[in-house]
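Taken together, the values in this text are just the output of simple stated rules run on the coordinates, not laboratory data. Predicted model only: the values in this text are computed from it and were never measured. With ideal geometry, Cβ positions are generated from the backbone for all residues, glycine too; neighbour counts draw on all protein chains shown.
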Amino acid sequence: MCRLFAITSKTPVSPMVAMEAMDIMREGHDGSGVGLFLRDLSGPFDEMKEAPILSGIFTEAGIKRLDRYMMDLGFMTKYKISIKVPKVPLPGTPRRDLYLIRAYEYPEGWETLSFQELGQRLLNIRLQLRAMGEKEEDMIVFSFWPDVIMIKEIGDPMQVARHLNLDRKELHARVIMAQGRQNTNYAINLYACHPFFIEGYATMTNGENTAFVPIREYLLSRGVRGYTGYQSDSEVFTHILHYTLRQLGLGIEAYKHIITPLQDNSLEAHPNGAFLKQLKQTCRQLTIDGPNCVIGCLPDHSLFMVQDRKKLRPGVVGGKPGCWAFSSEICGLDAAIPDRDKSKDFQPMHLDTTLVGPDRQEVKICSQTAPLPLPR
Amino acid sequence: MLPNRPITPSTLSVKDLLWQIAWSKDKCTLCGRCTSVCPVSAIELGVFRKRTLNTDLASAVPPSNVYQVYHGIRQKTDPAYACVGCAMCNLVCPNDAIIPMRTDEADKLRFHINRGGSPRNRGGRRNVPGGLLDQIKFIRISMLTDPALDAGRHEFELRTLLGRVLPPEENIKHFKEHGWIPPVREIYPLVIGSMSFGALSPNMWEGLQLGVAYLNEELGLPVRMCTGEGGCPPRLLRSRFLKYTILQIASGYFGWDEIIHALPEMKEDPCAIEIKYGQGAKPGDGGLLMWHKVNKLIAAIRGVPTGVSLPSPPTHQTQYSIEESVAKMIQSMSMAWGFRVPVYPKISGTSTAMAVLNNLTRNPYAAGLAIDGEDGGTGAAYNVSMDHMGHPIATNIRDAYLNLAKLGKQNEIPLFAGGGVGKNGNLAANAAALIMLGASGVQIGKYVMQAAAGCLGSESDRCNICNIGQCPKGITSQDPRLYRRLDVDMVAERVVDMFLSFDTELKKIVAPLGRSTALPIGMADALGISDYHAAERLSIKYVV
């Protein structure tokens, strides 16, 4: 089982908060890898919210190719964090040349582009870099987006975090998502490590999506750029989220209706039953199956958690105004926010979407049986 | 026959026949039930003369002989009366004195069932036992990463959609703007395929309808049944049960006068309209109801005179191009019900199925495609069509699904697979395999006759006389003396038993695969087969 931990805090926190929470939860889990997603960054990045940040792992040759490529496009490096890899390698972790986190200045004229167009271009560059890297095996690219950093590596999360010295001021962020396992169902590959990211949307999952193959086929056939990869069955959750919000223009409340639609009786009793029935039929190929707890982050910095139809995976949300955490287990939550009102901890059930908005004031719980804000 | 008597080319011995009657003189009571029940008069009372020799070695009595007569059963060897192996004689025999046995070699009868130059006609399926569907295994068993579900206790949703499903973007747009959204029915994925009123006896048909109604209204299982080409009893057309019925229109348009006239009086819309362009048992050939079965009732419903054979043309008269006439026909049928009823074509399994499918993808009114594979059954067809024509269903369905997936339309046009599903009794396994290959649902006919009414037919060429109205179980007969053997309520009960057990078996297949919230359409990663070439062809795993 994967360990999941996410935190959203008014005051920026170190990634080590998430690492420690995951370490507390390590009993009963393997420590085969770590995936880290940082957003609403502080420190130097706080001053450059608009600048796209490229995160990935590069070889010496890869970095040279990257520089050439980015320069040709007209991107200028604005700021970078150099994670120096210690000389003594970590057992079980491949030797890397460079973990790159680099903020860029847009090429001339790009500032006037619409947000949509800008997003598409950033996505295209990420896909292009990924393709280049896969060919020469010299680059692995996780994200290229403003105010977002991603780090992924194979190995025990705590050891990797210490090895890379992630407890540094530049990496403090207000939204952190962390996952503690390499994909074990398919080939070991850093692209199979959660969280997954596309155009501002990120998710990570604890569980296995047994409907993966038909969903993958469906997403691949949508003709949406970026719906590729799928080294992990969990990547489809991110893309379904993107599809629901971006392509279909629905709200986060509709996500649950797409991945785990209501059954007949509940649909008939639902105030938006007619619409939801259509949605269920038209998005039938996106219905997930199997045990899954999904934690995700939206472009507006909201964090959310949903469960599968049978609620077969653990998941808890708790905290206090200004700081909330989503965790696979309560012990993780205890480690991160010990001074919260534990009686208010909430474990989302099979109908719930739990959401902490960008104001970080409260946990909103939306049941699938509640009225749905319809698309306008 | 005396050895010196002349013989004809078609003079056969019992040994030359496919089915040979084994009869025990010791057990026979001479009650005559077997000869009277035989649907093809293959046996008759035999008077046998037998010589007994008395040679007493111990005494001085000279040897003598005596001629005695005994009575028993004689099997006819005239090809017109050849035993069909139905074993009704065995069923009615009080002493188990009689039973048909299958010959140990290829029979010689087959060379002679064409008297008068008329090739063999029969009912049933392709006479080839076995099949690929049974070889497919479900290999992706949920183990520790996603523990298997409980087929008995967890919640399952095993429904499918019949109807054109718009892509999500369009659907939402049409919903917002109150535009037309094509009708979609949420139905059970196992559909009773098209067996016409006429092909089936009134009792069989009523039993099926009763069973279907019970499944829907009492058990909440949305099972649907297709009428086949032969119309629909007027009372059903005007009842609320019509919503459980798929009306079929085929090239003979039999029964459609009645249906069209009933339109203003319909309380409910039918579930769907199936336009039959072909069927798996006799691809490229029209429907056939032989004169034996066209009695007054059938003639009235179909709007024809009694006692004439009713061969439907192989194609619809108006059809000269798929682009124009199929689209037009789908549109006309949609229009008849105010675009509230899904209309879909059914074709024979064929290598040209993709062309049909691609055309349907461009027709916004096409509600699906049913493909009937080579193992489909029928009430009457030429033997040659049944045994040699057609395309296996597995590759046809797989190709069609992958083709739709390539176009991104795998959710828009549901595919229904038929033809030999459950041929060897493995209904749920065959259905699940087809669904995971890409079918949205499956259609069954022969299996229902076997499971719900005790049909005796088999792919070893047993019985298979559905065409001549002599069905010994009364399933496909129009003779009241025969169909009264079939109890309507008991057929209904068996239909219910069959669907309930299928439902449990389907759950027993999908639960270990970790599937329960939706029918695993296209979940080909769960499938494996030990035939390398079949695995390659179907894009599933090769496992040994």
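Principal-axis analysis of the Cα atoms of chain B puts helix B:202-217 at an angle of about 40° to the longest axis.
Of all the options A:G296, A:G249, A:G119, the one that moves most in a Gaussian network model of chain A with Cα springs shorter than 10 angstrom is A:G249. Rg ratio for chain A: its Cα radius of gyration over 2.2 N^0.38 Å, N being its residue count, equals 0.95.
Spin-label pair B:Y70-B:A148: with each label point 7 Å from Cα along the Cα-Cβ axis, the two points sit 5.7 nm from one another. Using θ = phi - 60° in the Karplus curve 6.51 cos²θ - 1.76 cosθ + 1.60, the 3J(HN,Hα) couplings for segment A:121-135 round to 5, 5, 4, 4, 5, 4, 5, 5, 5, 4, 4, 4, x, 5, 5 Hz; x is entered for Gly and Pro. Secondary-structure-derived ellipticity at 222 nm for chain A, considering helices only, amounts to -8000 deg cm²/dmol, per-run term -39500 (n - 2.57) for DSSP H runs with n ≥ 4. Taking the longest Cα principal axis of chain A as reference, the axis of helix A:15-24 is set at about 60 degrees. Per residue, the average separation of C-alpha pairs within less than 8 Å and at least 6 apart gives segment A:50-143 a relative contact order of 44 percent.
Provide the FRET efficiency to the nearest 0.05 for the B:T306-B:T103 pair, computing r from the beta carbons and using R0 = 30 Å.
0.20
Report, to the nearest 10°, how far helix B:427-437 tilts away from the longest principal axis of the Cα atoms in chain B, using its own Cα long axis and a range of 0 to 90°. With rounding to tens, the tilt is 40 degrees.
Compute the relative contact order of chain A as a whole-number percentage, counting only Cα pairs closer than 8 Å that sit 6 or more residues apart in sequence. It would help to have the intermediate numbers written out before the result.
Values: 826 pairs, mean separation 82.7, N = 376.
In percent, rounded to a whole number, it is 22.
Every pair of different Cα atoms in the protein assembly as shown enters the Kirkwood calculation, which places the hydrodynamic radius at 31.4 Å.
Based on the inverse mean of 1/r over its pairs of different Cα atoms, what is the Kirkwood hydrodynamic radius of segment B:14-116, in Å? Show your work: numbers first, answer last.
Values: mean 1/r = 0.0643 Å⁻¹.
Taking the inverse mean of 1/r over all distinct Cα pairs, segment B:14-116 comes out at 15.6 Å.
Each of B:R340 and B:D26 was given a label point 7 Å from its Cα along the Cα-to-Cβ line. The distance between the two points is 7.0 nm. Would you please give the FRET efficiency between A:V88 and B:E218, computed as 1/(1 + (r/R0)^6) with r the Cβ-Cβ distance and R0 = 56 Å, to the nearest 0.05? Between A:V88 and B:E218 the formula returns 0.20. Per DSSP H run of at least 4 residues, take -39500 (n - 2.57); add these up for chain B, divide by its residues and hand me the 222 nm value, nearest 500 deg cm²/dmol. It lands at -7500 deg cm²/dmol.
Note on chain A: with a GNM built from Cα contacts shorter than 10 Å, the maximum mean-square fluctuation among A:M48, A:M139, A:M70 falls on A:M70. Counting only lysines at least 8 places from B:K27 when in the same chain, those with an alpha carbon closer than 29 Å to its own are B:K15, B:K50, B:K76, B:K473.
Taking label positions 7 Å along the Cα-Cβ direction at both A:A131 and B:N54, the computed distance is 10.5 nm, reported to one decimal.
Working note: Cα atoms of segment B:368-527, range along each principal axis, descending, whole Å: 53, 35, 26.
If a/c stays under 1.5 just call it rounded; otherwise compare a/b with b/c (prolate if a/b is bigger, oblate if not). Do that for segment A:50-143, with a ≥ b ≥ c from the square roots of the Cα gyration tensor eigenvalues. If you can, show how the numbers build up before the last one.
On the way: a/c = 2.31, a/b = 1.92, b/c = 1.21.
Prolate, because a/c is 1.5 or more and a/b exceeds b/c.
Of the residues A:M22, A:M71, A:M132, the one that moves most in a GNM of chain A with alpha-carbon contacts below 10 Å is A:M71.
Which percentage, to the nearest 5, of the DSSP beta bridges contained in the protein assembly as shown is antiparallel? The answer is about 80 percent antiparallel. Rounded to the nearest 20, the Cβ-based charge dipole of the protein assembly as shown about its Cα centre (Lys and Arg +1, Asp and Glu -1) stands at 2160 debye. Since only B:P167, B:Q209, B:A151 are under comparison, the one whose Cα sits farthest along the positive direction of the charge dipole of segment B:124-256, derived from C-beta charges on Lys, Arg, Asp and Glu, is B:Q209. Comparing B:G454, B:S516, B:G280 along the charge dipole axis of chain B, the residue lying farthest to the positive side is B:G454, per the Cβ-charge model. The count of lysine pairs in segment A:251-376 with alpha-carbon distances below 30 Å, taking only pairs 8 or more places apart or on different chains, stands at 27.
Take the Cβ atoms of A:H350 and B:I139, set R0 to 25 Å, and the FRET efficiency comes out at 0.30.
In segment B:118-156, whose amide N lies under 20 Å from the spot 7 Å out along Cα-to-Cβ of B:V543? List them in ranges. Residues B:131-151 qualify, since their backbone N sits under 20 Å from the label point. Label point of A:E362 set 7 angstrom out along Cα-Cβ; within segment A:234-259, amide nitrogens under 20 Å from it belong to A:252-254. Here segment B:204-246 and segment B:138-155 have alpha carbon centers that stand 34 Å from each other. Under a model in which nothing but the beta-carbon of Lys, Arg (+1) and Asp, Glu (-1) is charged, chain B shows a dipole of about 1220 debye around its Cα centre.
With the charge dipole of segment A:50-143 set up from +1 on Lys and Arg Cβ and -1 on Asp and Glu Cβ about the Cα centre, the Cα lying farthest toward the positive end among the listed residues A:G92, A:L118, A:Y104 is that of A:G92. Only the Cβ atoms of Lys and Arg (+1) and of Asp and Glu (-1) were treated as charged; on that basis the dipole of segment B:1-118 about its Cα centre amounts to roughly 240 debye. Potential lengthening of the chain between B:H533 and B:E265 amounts to 91.0 nm, from the contour at 0.36 nm per residue minus the alpha-carbon distance. Rounded to the nearest 5, what is the percent of antiparallel bridges among the DSSP beta bridges in chain B? Here the share of antiparallel DSSP bridges comes out near 50 percent.
Is segment B:147-257 rounded, prolate or oblate when judged by the Cα gyration tensor, a ≥ b ≥ c being the square roots of its eigenvalues, rounded requiring a/c under 1.5 and prolate requiring a/b larger than b/c? Please report the intermediate quantities before stating the final value.
On the way: a/c = 2.41, a/b = 1.27, b/c = 1.90.
Oblate shape, in that a/c is at least 1.5 and b/c is the bigger or equal ratio.
Rounded, prolate or oblate, given the Cα gyration tensor of segment B:133-542, with a/c below 1.5 counting as rounded? Before the final figure, lay out the partial values.
Working: a/c = 1.44, a/b = 1.23, b/c = 1.18.
Rounded, because the longest to shortest axis ratio a/c is under 1.5.
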